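Please treat every number below as a calculation from the coordinates, not as lab data. Since the structure is predicted, the reported quantities are computational estimates derived from the model, not experimental observations.
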Amino acid sequence: MTLTPDTAKALEPGAPCSFSVGSDRYPGNIIGVSPSGKTLTVQDADYAAVGGPYEYGDHIEYEYEPNPDGRVGRYTWRPSQGCYRLVSHTSTYRLSLGYGRYYDPQV
């Protein structure tokens with residue numbers, strides 16, 4: 001993994017991120033970064049629907065806030081997959097950097 005200025009900024013504690021499970025996405029915040037940048041500690045963020053209309057998918061607007069009591073997970077860089085994955089989990093948990101977003105196509 002090569003740390004560029006944009007990647008380094010996305011890895012700062014407090015930076016927003018999203019983790020995905022299948023097609024669903026959930027917001028989080030980075031709360032810890034290893035010296036190499038290859039292991040991230042992420043805490044779930046809170047989200048709430050605002051405005052409308054309340055339709056499926058991308059048509060719903062959300063507000064996001066850090067949640068100091070949110071669930072915490074560790075993600076490691078997987079070079080063979082080109083992404084961060086949740087440690088000790090066999091599902092498709094994948095981390096996206098630079099933005100926090102909630103998305104569930106069935107809501």
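List of remarks:
- Each 5 Å bin from zero holds the following percent of Cα-Cα pairs in the range 13-97: 3, 14, 24, 23, 16, 10, 6, 2, 0.
- Taking amide H as placed 1.01 Å from N in the peptide plane, the amide H of ARG78 sits under 5 Å from that of CYS83, TYR84, ARG85, each at least 5 places away or on another chain.
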